[in-house]
Amino acid sequence: MVFSEHTRLQYLNSMGITVWQSRFMPEYTASPVELPQSITIQTTIIDSWEQLNLEVSSCQLCSLCTTRNQTVFGEGNVNADWMFVGEAPGEHEDKQGFPFIGEAGQLLNEMLHAMQLTREEIFLTNILKCRPPSNRDPHVDEIKQCHDYLQRQIMLIQPKIIIAVGRIAAQTLLETNEKIGKLRGNIYSFKNTPLIAIYHPAYLLRSLTEKRKAWQDLQFALQTFKSL
Ligand code: URA
């Protein structure tokens, strides 16, 4: 064991031993502890639903904040295994503040029912948290500004599987311009979470002939989930 000079003197002193000291011995001064440069102190920022909700509801990162009635954060089980990500709020969602409550939402409910899932057990949100005027497609800069919110939701939930509902969600999460017809039917990964793309219910409402494919998508999603 190696003692500092100061500690050694304290020991000897407490044993009643007087130690001769040079009058010229410098006084003991503790030298400041220096961390080697290789040691960095990491701070972990812990996110919370309250914080995220607050940031989304007051967001002004893009111009959609000037036309929205309110933000649509998403809803459902914050510990969900299944996370469904749609495109953006429409007129009804913008008025009421919840995702998928219009006609497309009704069909989504039926799709969930067919999978023996309920809205209460999944988490449902959108790529954009604000409604684009006249329900136009989201712009690239709007998607970029909003993306961090979705990523934080995914981090907080840590779902077992992500279902990208429709082209915009699939293309955004997979960072591709590939058509939804090509993307469906495959298992992808979003930051290590399995991701499956399915047709958007709004598209299915317009194209009833694709309903059979939509049913196949749901079966595929269920099979994939069971195999995880
Ligand atoms: N409503 C939503 O919340 N998202 C969609 O993608 C479509 C309708």
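Only the coordinates and a few stated rules stand behind these numbers; no lab work does. Nothing here was measured: the structure is a model prediction, and the numbers come from that model. Please note: Cβ atoms are built from the backbone with ideal geometry, for glycine as well, and neighbour counts cover all protein chains shown.
For the listed peptides 66-75, 194-203, a ranking on the average number of other beta carbons within 10 Å per residue, highest first, reads 194-203, 66-75.
The distance separating the Cα centre of region 193-228 from that of region 118-145 comes to 19 Å. Close amide H partners of ASN126, meaning residues 5 or more places away or on another chain with modelled amide H under 5 Å apart, are GLY86. Overall shape of region 67-121 was characterised from the C-alpha gyration tensor. The equivalent ellipsoid obtained from it has semi-axes of 21, 13, 8 Å, in decreasing order.
What net charge is computed for the residues neighbouring LYS95, neighbours being all others with C-beta under 12 Å from the C-beta of LYS95, Lys and Arg scored +1, Asp and Glu -1? Result for the neighbourhood of LYS95: -1. What's log10 of I(q)/I(0) for region 135-180 at q = 0.29 Å⁻¹, Debye sum over Cα points only, no solvent? These q points yield log10 I(q)/I(0) values of -1.23.
Simple point charges give the picture: +1 on the Cβ of Lys and Arg, -1 on the Cβ of Asp and Glu, and for region 108-223 a dipole about the Cα centre of about 200 debye. Judged by the mean number of other Cβ atoms found within 10 Å, the most tightly packed of the peptides 139-148, 82-91 leads the ranking 82-91, 139-148.
Here the average projected area of the convex hull drawn through the C-alpha atoms of region 105-228 stands at 7.7 nm². Computed 3J(HN,Hα) for region 64-73, one whole-Hz value per residue from the Karplus formula 6.51 cos²θ - 1.76 cosθ + 1.60 where θ = phi - 60°, is 5, 5, 8, 10, 6, 7, 7, 7, 10, 6, glycine and proline marked x.
Please check which bits of region 83-102 a label hung off ASP137 would reach, taking the label as a point 7 Å along Cα-to-C-beta and the cut-off as backbone N under 20 Å. Once the point is set 7 Å along Cα→Cβ of ASP137, 85-91 turn out to lie under 20 Å by backbone N, inside region 83-102.
Out of residues 5 or more away from HIS200 or on other chains, whose amide H comes under 5 Å of its own, with H placed 1.01 Å from N in the peptide plane? Hits under the 5 Å cutoff: GLY166, ARG167. Working note: Debye formula, equal point scatterers on the alpha-carbon atoms of region 163-216, no solvent; log10 I(q)/I(0) at q = 0.25, 0.30 Å⁻¹ is -0.94, -1.23.
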